[in-house]
């Protein structure tokens, strides 16, 4: 945003500079050339006046001294030529040279004044020439010619262009500084808003954006954002209250039901005991279901208070806890993690996640099977795999496995006690900490559960 | 033992009083916080947190301020923070509704035992075959060798040892040993049984009754 604003300010300034400075420079160059021509003509006529009598043979002026003095003071080459095109005096002498073949001399000797630019093979560059006839009484006695190499005038023009360029650069630099400050102040409210939005996104719903003074649009945006945050907070509050209320409202009648059922126990004949035990078990299942739903609801609104947790440490702890049971079931529980794997997760959550995944993996494993936990850091993530050699899940089952109340086929031991909330809770807990979970088919048979959490460098 | 039940909801209080009396307790029931504070001293208080006049926590704090009577909070709130607050302001235990009598009675006994460690009537160490279990010191010996158990493992073994040979259902174990309304995979129970079997060194001592629960084998 800042860069874009800067770019637009600078390109606008550059355009204006270009539109103003280029014609200025061109006009300047043109008038510079015209001025030079005017001056040179003026000088040529002055030289004609000074040398006229001598050229006609009546005066005794020092012609070589005259042209040499001219070149010394102005830098132009002056040449005085007699009627046949021979040199009478030349400020840059060239021995025995005849000027008769020069077009401007021919014109001057013919009585015409010649002004123009031509390429000089002798000098190897363009030159400005002015040739004026020295004439009196209708007779041409000779000519005065002044030439300037074009580099003489081009140098001046180039200096002007450089000056114009320098002014442009200073203007651009000033505009850059001002527009940078301006762009920062325009985008500051947006950057603040971005920080506030990120904070709300992390679950800190009480965060509000500062309403900036100044322009209307950022103000309106900040106010609208704050209204949204207030609404979001109250919705989440309402849901949390609902969860708390629902928990109370459901548990109280369940408690009464349970106590009354148990009170029936000594008063029922033996034949009715099975039914009573069944009824108590059902009330217990119902209360487990309420607990599960509340756990899920809490996980869905769980904030994240991440700390640095060594994933390898948690895995080896869970491995120690589960290895006895795995051994009883004849399942090999293998862990392959090297060194420490520091990650950013809310302490305790990864334990819960692994307990759920290991429980599922053990359920799925046939005796003699293998459950493996492997993990490594990959980029910004720590990636854990829990693989089993059970029957695995079809693609459709894998898609649905995170739905609440989804239950796969009965586990290997035929025990089917849950409500299909475990994986849904696990996923919510991971998402709250910025992690993820994915089910893949393992190579061969079985399921490969991939858990990803944010890696960190601190230990 | 005299129990003071502070509970405003009749649907809970009526069956609770009946069941506790059947279990041999003398129960006085009040429906409000101020009545609870005015009631004659009891051996134990069962306190609901939602009361019509006073906040349950406030009642708990005031009761604790004037005596060290054991207090068990019974509440429908299962949030970690509620438990922590309840225990911090002086409750001895925190039981989440719904619960069974078995669990309630176990907690009552545990709390009173903790409160009065020198009380006569403390159970003597239980002996079942090579196993010796001392509830007072929470120690377990196998063939005279001490076995180091975690708190959960000990509670689990102590529960099974209450009635050797009888099946203890998974539900009963989860209710009595785990935090009430702890929600995790029920397989955690199997995890602890497996590690208990290994530590005791005799896998046949704790028998799995498929689909029902576990029992401690009464050796021949």
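Descriptive notes on the structure:
- Efficiency of FRET from Cβ geometry, residue A:235 and residue A:438, R₀ 51 Å, rounded to 0.05: 0.95
- Region B:2-115: C-alpha gyration tensor shape, a/c 1.5 cut-off, then a/b vs b/c: rounded
- For the pair residue A:18 and residue A:206, the difference between a 0.36 nm per residue extended length and the Cα-Cα distance amounts to 62.5 nm.
- Against chain A, whose longest principal axis comes from its Cα atoms, helix A:349-364 is set at around 60 degrees.
- Nearest-ten-degree value, helix B:187-200 long axis tilted from longest Cα axis of chain B: 50
- Approximating the spin labels as points 7 Å out from Cα along Cα→Cβ, the residue A:27-to-residue A:154 distance works out to 2.5 nm.
- Counting neighbouring beta carbons within 10 Å and listing from fewest to most, the residues B:112, A:92 come out as A:92, B:112.
- The simple Förster model, with R0 at 45 Å and r as the Cβ-Cβ distance, assigns residue A:242 and residue A:170 a FRET efficiency of 0.10.
- The separation of region A:331-376 from region A:89-147, counted between C-alpha centres, amounts to 103 Å.
- Fewest-first sequence of B:153, A:282 by Cβ atoms within 10 Å of each Cβ: A:282, B:153
- Sorting A:144, A:153, A:170 from the fewest to the most surrounding beta carbons within 10 angstrom yields A:170, A:153, A:144.
- Potential extension, residue A:198-residue A:279 segment - 0.36 nm per residue separation minus Cα distance: 24.2 nm
- Protection proxy ranking, peptides A:359-366, B:2-9, B:158-165, average beta carbon neighbours within 10 Å, highest first: A:359-366, B:2-9, B:158-165
- Note on region B:136-180 and region A:267-314: Cα centroid distance 21 Å, given to the nearest whole angstrom.
- Every Cα-Cα pair in region A:216-300 was counted, and those over 21 Å apart are 54% of them.
- More than 28 Å apart - percent of Cα-Cα pairs taken over chain A: 73
- Per-residue shielding of B:187-199, expressed as the average number of other chain Cβ atoms within 10 Å of the residue Cβ, stands at 6.
- Value of [θ]222 nm, deg cm²/dmol, for the protein assembly as shown, DSSP H segments ≥ 4, -39500 (n - 2.57) each, nearest 500: -17500 deg cm²/dmol
- Estimated FRET transfer efficiency (residue B:198, residue A:185; beta-carbon r; R0 56 Å; 0.05): 0.20
- To the nearest ten degrees, helix A:216-264 and the longest principal axis of the Cα atoms of chain A are 10 degrees apart.
- Shielding score for A:314-324, defined as the mean number of other chain Cβ atoms within 10 Å: 3
- The distance from the alpha carbon centre of region A:1-36 to that of region A:382-409 is 68 Å, rounded to a whole number.
- For region B:1-55, a Kirkwood radius taken over Cα pairs fed into Stokes-Einstein (25 °C, viscosity 0.890 mPa s) yields D = 220 µm²/s.
- Dividing the convex hull volume of the alpha-carbon atoms in region B:126-216 by its residue count gives 91 Å³ per residue.
- For region A:2-156, the square roots of the Cα gyration tensor eigenvalues, ordered a ≥ b ≥ c, give a/c of at least 1.5 with a/b greater than b/c, which places it in the prolate category.
- Take each residue of peptide A:259-270, count the partner chain Cβ atoms within 10 Å of its Cβ, and average: the result is 4.
Just so you know, all these numbers are worked out from the coordinates, no wet-lab data involved. Every value quoted in this text rests on a predicted model; they were computed, and no experiment measured them. All Cβ positions, even for glycine, are placed from backbone atoms using ideal geometry, and neighbour counts span all protein chains on display.
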